[in-house]
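For reference, the structure discussed in these notes is given below.
Quick note: the coordinates plus some simple rules give every number you see, no bench work behind them. It should be emphasised that the depicted structure is a prediction, and the values quoted were computed from it without experimental measurement. Quick reminder, even Gly has a Cβ in these numbers, built from the backbone with ideal geometry, and neighbours come from all protein chains shown.
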Amino acid sequence: MRTPSKASNKVWKEKAVLRGKQLNRAKQELKRQKLKATKWRSAYYELKKAQSVRPVRNYSYPLELIWISILMHINFNVSLRGVSQSVVKLGELYGLSLPKLSHMSVRNWCLKFGLYCLNQPLAKGKYVLISDESIEIGRERLALLYVVPIEIYSPIEPLTMEDVKVLDLGVQPSWSSAQLAQKIKHKVKAYDLEIVYGISDNCS
């Protein structure tokens, strides 16, 4: 027969073991909850970052909406007025209260982007030259000089917009062969290009 002290010690030990198990389960649950909280916190900040917009100095509109405006007009052929109206609605999705966007602002953004692309240097290598003097702007004639990297040339596949790079352009009443040759030589020397052959539309 057990003494009262031994019986009480056994009960205490059983309670201590049970309490230890409960604390261990609580610690494991707390650890799981912390991991969940960390996961959801990271997901929240990633979503918030994805939804944030980047301001552009001296512009009322953020970079993302300026870029989507350029993309809509140039790549998807949406009219300037259509873009200006759509972008204001897109701004509302970001929770932005934006001023009315003029279609001329969209036009200026597209022109500035075109100038930026024109000023990007071409990679050194071999190219095919395409000369186009068929576009008239009022009484003046636009000369466009394109180049296509020779390594993507295919005799059976048509060129895409991504294949063609603008070498140079210019506008004046008329173009002589010497003037076009001078423009080509200047760019070829500046970018260290090799023109394998050229194609023209019977221009100068």
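Could you order the peptides 10-22, 80-92 from most to least packed, using the average number of other C-beta atoms within 10 Å per residue?
Details: 10-22: 10.1, 80-92: 16.4.
Highest-to-lowest ranking by the protection proxy: 80-92, 10-22.
Ranking request for peptides 120-133, 60-73: highest mean number of other beta-carbon atoms within 10 Å first, then the rest in descending order.
On the way: 120-133: 15.3, 60-73: 17.9.
For the peptides 120-133, 60-73, the packing ranking is 60-73, 120-133.
May I ask which of 112/185; 89/183; 112/183; 112/187 have a Cα-Cα span longer than 32 Å here?
Values: 112/185 25 Å; 89/183 44 Å; 112/183 22 Å; 112/187 21 Å.
Long pairs (Cα-Cα over 32 Å): 89/183.
What is the distance in Å between the Cα centroid of region 104-160 and that of region 79-93?
28 Å
Tell me which lysines have Cα within less than 18 Å of residue 189's Cα, excluding those fewer than 8 residues away on the same chain?
124, 126, 165
Which FRET efficiency value, to the nearest 0.05, do you get for residue 150 and residue 77 by plugging their Cβ-Cβ distance into 1/(1 + (r/R0)^6) with R0 = 35 Å?
Working: r = 30 Å, r/R0 = 0.86.
The formula returns an efficiency of 0.70 here.
Could you identify which residue out of 26, 178, 37 has the top mean-square fluctuation in a GNM of the chain using Cα springs shorter than 10 Å?
It is 26.
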